[in-house]
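Report on the structure given below.
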Amino acid sequence: MSNGAKALIKTLSNSGVDTCFTNPGTSEMHFVAALDSSDMRAVLCLFEGVATGAADGYARIANKPAATLLHLGCGLGNGLANLHNARKARVPMVNIIGDHALYHKQYDAPLESDIVTVAKNVSSWIRTCPETQQVGADTAEAIEVAQKAPQQISTLILPADVSWGEGGEVVEADLAPVSDLASEEMINQVGDILLTKGKKTAILLGRRVLLEEGLIAASKIAERTGAKLFSEVFPTRLQRGAGLPQVERIAYLAEMASVQLKGYDHLVIIDASEPVTFFAYPGKKSYLVPEACRVHNFVKESQDAVASLQALVAAVGAEQTAPKLQQADRPKLPAGKLNAGKVCQAVGALLPENAIISDEAQTSGLKLPISTAGSPRHDVLTLTGGAIGQGLPVAIGAAIAGMNSEGKNRPVISLVGDGSAMYTIQSLWTMMNENLDVTVIVLNNRSYAILNIELERVGAEGAGPKAKSQLDLSKTEIDFVAMAKSMGMPAEVATTAEEFNAALERALSEPGPHLIDAIVPSEYEGLKLKVLPHLLGAMESIPSPIAKALKKKIAP
């Protein structure tokens, strides 16, 4: 037997949870002390939103939960935005939230709060451990809920006296995989739809089927039946590049998504959500599936999506069909004045083998998919829940999960807008402290550019200088190079394509973290910004081939 903290850590480690992203306080000191007698890797983060985002990035690459250690309800609240993104990504995570000692709670101390209410926003399982003897069993259950399908977030609240109390017992979680498939009726029904001639069918892929095995199976089906493959707007993890099937992502802008989905009779959804707009817009539809299109949700979240997709391959007779694979084809290095498209072009030209891209480039990343399509194989992790400030923390977790037993690291590139970067800029410190191979590219257009677009699209009237100043970051310039260097991180600014190319080559060739402040103009400003809403509004009324060509030009 041991104290509660030691039993908790040992239960985590014995069940495969070997990494904890921490931002501890007084209530967690016994957990902190217990780390020294454990094999747990503890990663200090200077803000709770970095810890939760890092745990998200870790789970996306490792496909198992990391733990977070957070201080009371306030600490959990600080991490809420990236817990929201993790919930939408459907990744496994175990949050350990320290609480006041049970006998101390009656005094309503200054940091006393309703932790359960905060946790309910993002957690599928919440428990306050009532006694030290129960810590191991509660921890094991939290891991089981997080890891088993459907993967989700567990939150275990650990009172301080339960943590320091003696009598903790270590328990090993039951992690037997769930192997339920889509029903035979569903497999046969969707198979018949895909093989029906004269009907246009699209397949929307998400979460678990966007890795190599699922992509190969989906491509076989598409080649056999003529179905069109799409992926969800913001995938949790998308494997792509040379040698893998290319899948077209549904566009963020609703008008473009409607163009992509127009004309289909059937939409087969596999481990994704039905397409809807991110926000409501006056006079526009929120649900993006065409009225005449029938939707077929192929698997439940609790079912084995990849094995079900393999069964669908057999149902349409595509076992021997060759998938369509992306050929190796890098863009040339760009030249001249730097813009966001040239940054994406340079990333495609120089992307290392087996890299991970954490993409929160927002409007500046529109050209990233086409620029990297034929680059060496890589993973893309995206902003699943739309709460900005994810890109840098997710890169931390991905980099740690990407380390193999020999200590060789997968290179990580974090593309982030200047506004987004400032939400979790503390991430730079953790990258340095852990010596992670992360190259941070700040696409610095000195603006909340996506919100300038939304201001025009949503039809808000009377927006003048005061309104537009709320979206402008240019008056007080942010010196990202100085911030990075203050933490010991190599950093440089780039204003031309040639400067950026050289900086990126250096960053990728040298070990450890680097930052490049890429000074770029907004993709949409002036007349181009004014015209965009009218162009988008006209897309549904113009001939489909022209609309699709416009979509490809704006967001390839």
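Hey, among the residues in region 140-177 that are of a type in the set (S, T, N, Q) and in a helix (DSSP H, G or I), which one's surrounded by the most Cβ atoms within 10 Å (Cβ to Cβ)? Within region 140-177, the match that is surrounded by the most Cβ atoms within 10 Å (Cβ to Cβ) is Ser163. For region 6-54, taking the residues that are assigned to a helix (DSSP H, G or I) and among the charged types (D, E, K, R), the one that is nearest to the chain's Cα centre (by Cα) is identified as Glu48. Of all the numbered requirements in (1) of a type in the set (A, V, I, L, M); (2) under 27 Å from Tyr423 (Cα atoms); (3) surrounded by fewer than 22 Cβ atoms within 10 Å (Cβ to Cβ), Ile357 misses one, and that requirement is (3). Tell me, which residue of region 307-345 that is part of a loop (DSSP other than H, G, I, E, B) and among the basic types (Lys, Arg) is farthest from Lys220 (Cα to Cα)? Top of the filtered list is Lys332.
The test for being assigned to a strand (DSSP E or B), outside the structural domain of Gly206 (by TED's automatic domain parsing) and touching a residue at least 60 places away in the same chain (Cβ under 8 Å) holds for Leu415. Before we move on, is Arg224 crowded, with 23+ Cβ neighbours inside 10 Å, out of contact with any Pro (no Cβ under 6 Å at 6 or more places or on another chain) and either assigned to a helix (DSSP H, G or I) or among the acidic types (Asp, Glu) (or both)? When the stated conditions are applied, Arg224 does not pass them. Looking at this structure, is Ser308 polar (S, T, N, Q), under 16 Å from Arg207 (Cα atoms) and either in the same structural domain as Ile193 (by TED's automatic domain parsing) or surrounded by 15 or more Cβ atoms within 10 Å (Cβ to Cβ) (or both)? Spelling it out, Ser308 is indeed polar (S, T, N, Q), under 16 Å from Arg207 (Cα atoms) and either in the same structural domain as Ile193 (by TED's automatic domain parsing) or surrounded by 15 or more Cβ atoms within 10 Å (Cβ to Cβ) (or both). Please determine, by comparing only the residues of region 265-278 that are surrounded by fewer than 20 Cβ atoms within 10 Å (Cβ to Cβ) and over 19 Å from the mean Cα position of the chain (by Cα), which one is nearest to Gly191 (Cα to Cα). Filtering region 265-278 for residues that are surrounded by fewer than 20 Cβ atoms within 10 Å (Cβ to Cβ) and over 19 Å from the mean Cα position of the chain (by Cα), the one nearest to Gly191 (Cα to Cα) comes out as His266. When residues in region 356-406 are screened for being under 19 Å from Leu211 (Cβ atoms) and of a type in the set (D, E, K, R), 3 of them pass.
Ala361 meets all of the listed conditions (1) over 15 Å from the mean Cα position of the chain (by Cα); (2) under 20 Å from Asp517 (Cβ atoms); (3) modelled with pLDDT under 95 but one, namely (1).
Take Gly389 and decide whether it is assigned by TED's automatic domain parsing to the domain that holds Ile516, buried (at least 24 other Cβ atoms within 10 Å of the Cβ), assigned to a loop (DSSP other than H, G, I, E, B) and small (Gly, Ala, Ser). Answer is yes for this residue. Could you check region 194-240 and list, in sequence order, the residues that are in contact (Cβ under 8 Å) with a residue 12 or more places away in the chain and of a type in the set (Val, Ile, Thr)? Listed by number, the residues that qualify are Thr201, Ile203, Val209, Ile216, Ile221, Thr225, Val233, Thr236. All told, Thr26 falls short of being under 22 Å from Glu166 (Cα atoms), buried (at least 20 other Cβ atoms within 10 Å of the Cβ) and either touching a helix residue (DSSP H, G or I) at 6+ places or on another chain (Cβ under 9 Å) or of a type in the set (Ser, Thr, Tyr) (or both). Scanning region 55-82 for residues that are closer than 21 Å to Gly16 by Cα and assigned to a helix (DSSP H, G or I) yields a count of 8. Restricting region 392-412 to residues that are outside any loop (DSSP other than H, G, I, E, B) and of a type outside the set (A, V, I, L, M) leaves a set whose member that is nearest to Gly57 (Cα to Cα) is Gly397. Of all residues in region 265-284, those satisfying the criterion of being assigned to a loop (DSSP other than H, G, I, E, B) and under 30 Å from Leu181 (Cβ atoms) are Asp265, Asp271, Ala272, Ser273, Glu274, Pro275. Among the residues making up region 178-193, those that are surrounded by fewer than 20 Cβ atoms within 10 Å (Cβ to Cβ) and either assigned to a loop (DSSP other than H, G, I, E, B) or free of Cβ contacts under 8 Å to residues at least 12 places away in the same chain (or both) are Val178, Ser179, Asp180, Leu181, Ser183, Glu184, Glu185, Asp192.
Test Ala218 against the criterion of being farther than 16 Å from Pro369 by Cα, assigned to a loop (DSSP other than H, G, I, E, B) and of a type outside the set (Ser, Thr, Tyr), and give yes or no. Judged against the criteria, Ala218 is not a match. For region 234-244, the tally of residues that are crowded, with 22+ Cβ neighbours inside 10 Å and more than 18 Å from Val394 (Cα to Cα) stands at 2. For Gln320, all conditions in the list (1) exposed (fewer than 14 other Cβ atoms within 10 Å of the Cβ); (2) out of contact with any Leu (no Cβ under 9 Å at 6 or more places or on another chain); (3) touching a residue at least 12 places away in the same chain (Cβ under 8 Å) hold save one; what is the number of the exception? For Gln320, the failing item is (3).
Rundown of residues vs (1) at pLDDT 75 or above; (2) outside any loop (DSSP other than H, G, I, E, B); (3) within 20 Å of Ser364 (Cβ to Cβ), yes/no style:
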| site | (1), (2), (3) |
| --- | --- |
| Ala463 | no, no, no |
| Glu477 | yes, no, yes |
| Lys530 | no, yes, yes |
| His534 | no, yes, no |
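Only one of the numbered conditions (1) under 17 Å from Ile193 (Cα atoms); (2) part of a helix (DSSP H, G or I) is violated by His296, and that is (2).
Checked against the criterion of being touching a His at 6+ places or on another chain (Cβ under 9 Å) and at pLDDT 95 or above, region 9-24 contains one or more residues that satisfy it.
The values are calculated or read from the model by the stated rules, or taken from the named source; none is laboratory data. Only a predicted model underlies this, so the values are computations on that prediction, with no experimental measurement involved. Don't worry about glycine lacking a Cβ; one is built from the backbone with ideal geometry, like all the others, and counts go over all protein chains shown.
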